[in-house]
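Single-structure report; data block below.
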């Protein structure tokens, strides 16, 4: 099988401007709920693209951990993504729910969540994940895995579930959207695309895009 020969016809659903809610975050929540009920694998997985200092894009998969007026995720502030966000807060997010033949793209500006929000989420995590936030000097070069395992064991001896605190270098970001596009796969690659663009004066403009 040649990669170029791989193809699939998308026939499950359609999407019209008349179908969507006026607020794209509410529309996202509606689609997210559908994806969750459809048991989409890693439904909250999203591709996060940041901009390197040299102007080149950098992407990785992270997990969505909340939706309010923006899209929230957590990471090491000293990681590559954290450094890039410090230099340029503009990002894009992409959700792909293959089981529903849907995609959502978000373009917006990332800002750190409050320390209180980061604390609340940190202490909701399993103890092993809390320790992991202390263990990993994320994105830096290490000699081998044993370096991490030794540090993990050492920290477990000094930080128990009752005494552990959130590292100051670990916390959340909220991506405040400026554009959100909803994509629904359709037959013959004539997909449906509905784009919301934030108009600071009048709210969200809604347009249909050619596939």
When the helices in the chain are scored as -39500 (n - 2.57) per DSSP H run of 4 or longer and the sum is shared across all residues, what 222 nm value do you end up with, to the nearest 500 deg cm²/dmol? -7500 deg cm²/dmol
Tell me the label-point distance for the pair residue 109, residue 209, using the 7 Å Cα-to-Cβ offset, in nm and rounded to one decimal. 2.1
Give the Debye-formula value of log10 I(q)/I(0) at each listed q (0.19, 0.35 Å⁻¹), with one equal scatterer per alpha carbon of region 126-165, two decimals each. -0.53, -1.27
How would you rank 1, 46, going from fewest to most other Cβ atoms within 10 Å of each one's own Cβ? 1, 46
Relative to the longest principal axis of the chain, what angle (0 to 90°, nearest 10) does the C-alpha long axis of helix 24-37 take? 80
Relative to the chain, whose Cα atoms define the longest principal axis, helix 145-158 and its Cα axis are tilted in degrees, nearest 10, by 60
Which residue fluctuates the most in the chain, going by a Gaussian network model with Cα springs under 10 Å, if the choices are 128, 108, 66? 128
Largest-first ellipsoid semi-axes for the chain, taking √(5λ) over the Cα gyration tensor eigenvalues, angstrom: 35, 20, 17
Please build a GNM for the chain, connecting alpha carbons under 10 Å apart, and tell me which residue among 153, 23, 88 fluctuates the most. 153
Full extension between residue 159 and residue 176 adds, at 0.36 nm per residue less the Cα distance, a length in nm of 2.6 nm
Inter-part gap, Cα centre of region 138-170 to Cα centre of region 29-101, in whole angstrom, is 25
178, 53 arranged by Cβ crowding within 10 Å, fewest neighbours leading: 53, 178
Proxy reagent accessibility, fewest Cβ within 10 Å first, across 28, 36: 36, 28
If you build a Gaussian network model of the chain, linking Cα atoms that sit under 10 Å apart, which residue out of 198, 148, 26 swings the most? 148
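Just so you know, all these numbers are worked out from the coordinates, no wet-lab data involved. Just so it is clear, the structure is predicted and the values come from calculations on it, not from any experiment. Cβ coordinates were reconstructed from backbone atoms using ideal geometry, including for glycine residues, and neighbour counts include every protein chain displayed.
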